[in-house]
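K.L.:
This is the structure, below, for whatever I ask next.
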Amino acid sequence: MSYIVLLIGLGVLILLVAWLPMMLKELPLSLPIICVGLGYAAFAALPLDNPEPLAFPEATERLTELIVLVALMGAGLKLDRRIGWRRWIVTWRLLAVTMPLSILMIALIGWYWLDFPMAASILLGAALAPTDPVLASDIQVGPPKSGEEDEIRFSLTSEAGLNDGLAFPFVHVAIGVALLNGNPPWTMLLHWAAVDVAWKLAAGVGMGWLVGKLLAFVTFRVPNRANLSRTGDGFVSLGITLIAYGVTELAGGYGFVAVFVAALSLRDAERNNAYHERLHDFVEQTERLLMMLMLVLFGGTLAHGLLHPASWSTVGAALAILFVVRPLAGMAGLAGLAMPAGEKLAIGFFGIRGMGSFYYVAYALNAAEFDVPNALWAVTGLIVLLSILVHGITVTPVMRRIDRRRQAAAPLSAPSIHPRMEKAGVSPDP
């Protein structure tokens, strides 16, 4: 009987994947809010097992890993703007300034405010600093060649595509500290700098670019029937995702970085081919289905007490991380750019937390012993829940208002980017 109930539930979930985005388009609600609510209600009302992450550590890590991988491929495929220093200046600033500053401030909150050990504090910062590529879909650019690529949406999409991989070195610092056991840290730090930073990042970028170029050649350049784009099958994008991730991990690199770079490389090889839309559509549908499944399970953990270890101090720290740390770090990273203050604040505010944070906590807890695993999951779950609620409710009205202001201020022939951004070297041209 429970198996049949699960089948019915999966069928309802699939229908909701197709219907809910259209139904919620004009409402200040988001698909993640509905999914978490459904999961909470189902697990509270039915005799279902508690899906808490500490009881299923390997499954939690693998499921969140797959969701993030699919989201990274989708984020890379949808970007129309060619990669470049000046064209991506906002992204580089968010990665070089905002992200490290966020990690530092969150780690200090964990250390001083929550009284976490050093390793757990560093892990908290690394897990909660990146903008999530899964739950940030409502604030990302539109499908390939849709023209929905203003600076806010582009910056948050490209940032989410890269910073999930760039958080890995800091997660490894947390794991290394947890494994020290009183030994001097110098050997660990040297290994971290040489392997976890230099080699793994270089391998991630290099392997991702190479895989993207090779598969782009097979997809678009090989003549006649061997040309994969002739099939019209969107599920090729999933194959590219898994290949890029797998070969990079075998080479000892960061697979998350490789998947996003492979998507950029694939798109760059044949930028205007309509097949990119098919690839993107399939990967987006897969991402939504996996996301809804994970959020229903997340709602189930809430119904079974995931947040019970949280205190009022935890709530205060979560509010500070969401509404003080990320906006301040975002404004610091964008300081000096000739960009409207409202758009800077929007980029800072909409640094959404989600599946990537879950993945990093699960990954680290499976790699080393941390003293406060329940508290780590509680504060991470609380922050993700608050992000889902607050950002999900505000993103539609805020972005609608910003779009109206931009359209009113710009001439009819102006590009979709604010004209003052030209001074910062940002160009909307692909």
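The values are calculated or read from the model by the stated rules, or taken from the named source; none is laboratory data. From a predicted model like this one, the values you see are computed outputs, not experimental measurements. Because the Cβ atoms are built from the backbone with ideal geometry, glycine has one as well, and the counts that use them run over all protein chains shown. Surface accessibility is based on the protein's heavy atoms, side chains included, excluding ligands, DNA and RNA. Shrake-Rupley method; radii C 1.70, N 1.55, O 1.52, S 1.80 Å.
K.L.:
Just to verify a number: FRET efficiency for Ala41 and Asn181, C-beta to C-beta distance, R0 = 60 Å, to 0.05? Spell out each step's value before the answer.
P.N.:
Working: r = 44 Å, r/R0 = 0.74.
E between Ala41 and Asn181, to the nearest 0.05, is 0.85.
K.L.:
Let me ask something else about it. By the gyration tensor of its Cα atoms, with a ≥ b ≥ c the square roots of the eigenvalues, what is the shape of region 245-349: rounded for a/c under 1.5, prolate for a/b over b/c, or oblate? Please list the in-between numbers first.
P.N.:
On the way: a/c = 2.04, a/b = 1.26, b/c = 1.62.
Oblate, because a/c is 1.5 or more while a/b does not exceed b/c.
K.L.:
Of the residues Leu54, Leu124, Leu306, which exhibits the maximal mean-square fluctuation in a Gaussian network model of the chain defined by a 10 Å Cα contact cut-off?
P.N.:
The residue that fluctuates most here is Leu54.
K.L.:
Please give the net charge around Glu58, taking every other residue with its beta carbon less than 15 angstrom from that of Glu58, where Lys and Arg add +1 and Asp and Glu add -1. If you can, show how the numbers build up before the last one.
P.N.:
Details: positive: Arg62; negative: Glu52, Glu61, Glu65.
After counting each charged neighbour, the total is -2.
K.L.:
Could I have the simple spin-label model distance between Lys213 and Ala408, label points 7 Å from Cα toward Cβ, reported in nm to one decimal?
P.N.:
Once both label points are built, they end up 4.9 nm from each other.
K.L.:
Quick one: which of 42-51, 97-106 comes out on top by average Cβ neighbours within 10 Å, and what's the full order, highest first? Mind showing how you got there, number by number?
P.N.:
On the way: 42-51: 14.2, 97-106: 21.7.
Packing proxy ranking, top to bottom: 97-106, 42-51.
K.L.:
Follow-up. Can you send over the carbon and sulfur percentage of the accessible area for the chain, probe radius 1.4 Å, protein chains only?
P.N.:
Exposed carbon and sulfur together represent 67 percent of the surface.
K.L.:
Where does each of 368-378, 354-364 land if you order them by average Cβ count within 10 Å, highest first? Intermediate values should be presented prior to the final figure.
P.N.:
Numbers: 368-378: 17.8, 354-364: 26.8.
Packing order, densest peptide first, comes out as 354-364, 368-378.
K.L.:
When a/c is below 1.5 the answer is rounded, else prolate if a/b is larger than b/c, else oblate, so apply that to region 277-316 with a ≥ b ≥ c taken from the square roots of the Cα gyration tensor eigenvalues. Display every interim value, and only then the final one.
P.N.:
Values: a/c = 8.29, a/b = 2.75, b/c = 3.02.
Oblate is the answer for region 277-316, as a/c is 1.5 or above yet b/c matches or exceeds a/b.
K.L.:
In the chain, with Lys and Arg counted as +1 and Asp and Glu as -1 at Cβ, which of these residues, Leu54, Ile152, Ile109, has the Cα nearest the positive end of the dipole, that is, farthest along it?
P.N.:
Of the candidates, Ile152 comes out farthest on the positive side.
K.L.:
May I pose another question? Averaged per residue, what accessible surface does the chain expose to a 1.4 Å probe, in Å²? Numbers along the way, then the final one.
P.N.:
Working: 18370 Å² over 430 residues.
The answer is 43 Å² per residue.
K.L.:
Take the Cβ-Cβ distance between Ala367 and Leu389 as r, set R0 to 22 Å, and report the resulting FRET efficiency rounded to the nearest 0.05. Mind showing how you got there, number by number?
P.N.:
Details: r = 31 Å, r/R0 = 1.39.
Calculated value: 0.10.
K.L.:
Give me the net charge of Val171's neighbourhood, meaning all other residues with Cβ under 11 Å from the Cβ of Val171; Lys, Arg count +1, Asp, Glu -1. Walk me through the intermediate numbers first.
P.N.:
On the way: positive: none; negative: Asp164, Asp196.
Here the charged neighbours net out to -2.
K.L.:
Can you compute the FRET efficiency between Asp233 and Ala202 using 1/(1 + (r/R0)^6), with r the Cβ-Cβ distance and R0 = 30 Å? Round to the nearest 0.05.
P.N.:
Details: r = 33 Å, r/R0 = 1.09.
Efficiency at R0 = 30 Å is approximately 0.35.
K.L.:
Here is a follow-up. Please compute the net charge surrounding Leu13, taking Lys and Arg as +1 and Asp and Glu as -1 over other residues with Cβ under 15 Å from its Cβ. It would help to have the intermediate numbers written out before the result.
P.N.:
Values: positive: Arg288; negative: Glu287.
With Lys, Arg at +1 and Asp, Glu at -1, the neighbours total 0.
K.L.:
Once you put a point 7 Å from the Cα of Val97 and another 7 Å from the Cα of Leu250, both along the Cβ direction, what distance in nm separates them?
P.N.:
Those two pseudo-labels are separated by 4.2 nm.
K.L.:
Rounded to the nearest 500, what is the chain's calculated 222 nm mean residue ellipticity when only DSSP H runs of at least 4 contribute -39500 (n - 2.57) each, over all residues?
P.N.:
Numbers: 18 runs with 270 residues, N = 430.
Counting only the DSSP helices, I get -20500 deg cm²/dmol.
K.L.:
Let's see if you can work this out: charge +1 on each Lys and Arg Cβ, -1 on each Asp and Glu Cβ, no other charges. What is the dipole magnitude of the chain about its Cα centre, in debye to the nearest 20?
P.N.:
Values: 29 positive and 31 negative charges, 284 e Å.
For this selection, approximately 1360 debye.
K.L.:
Taking 0.36 nm per residue of separation and subtracting the Cα-Cα distance, what length does fully extending Arg401 through Leu319 add? Don't skip to the end; give the middle numbers.
P.N.:
Working: separation 82, 0.36 × 82 = 29.52 nm, distance 2.45 nm.
Once the chain is fully extended between Arg401 and Leu319, it gains 27.1 nm.
K.L.:
With P(r) over Cα pairs in 20 Å bins from 0, in percent as the read-out, I listed [x] 20, 35, 24, 15, 4, 1, 0; [y] 24, 53, 23, 0; [z] 26, 59, 14, 0; which label goes with the value calculated from this structure?
P.N.:
So the structure-derived entry is [z].
K.L.:
Once you order the gyration tensor axes a ≥ b ≥ c over the Cα atoms, which shape class does region 39-132 get: rounded for a/c under 1.5, otherwise prolate or oblate by comparing a/b with b/c? Could you put the intermediate results ahead of the total?
P.N.:
Details: a/c = 2.90, a/b = 1.31, b/c = 2.21.
Here region 39-132 falls in the oblate category.
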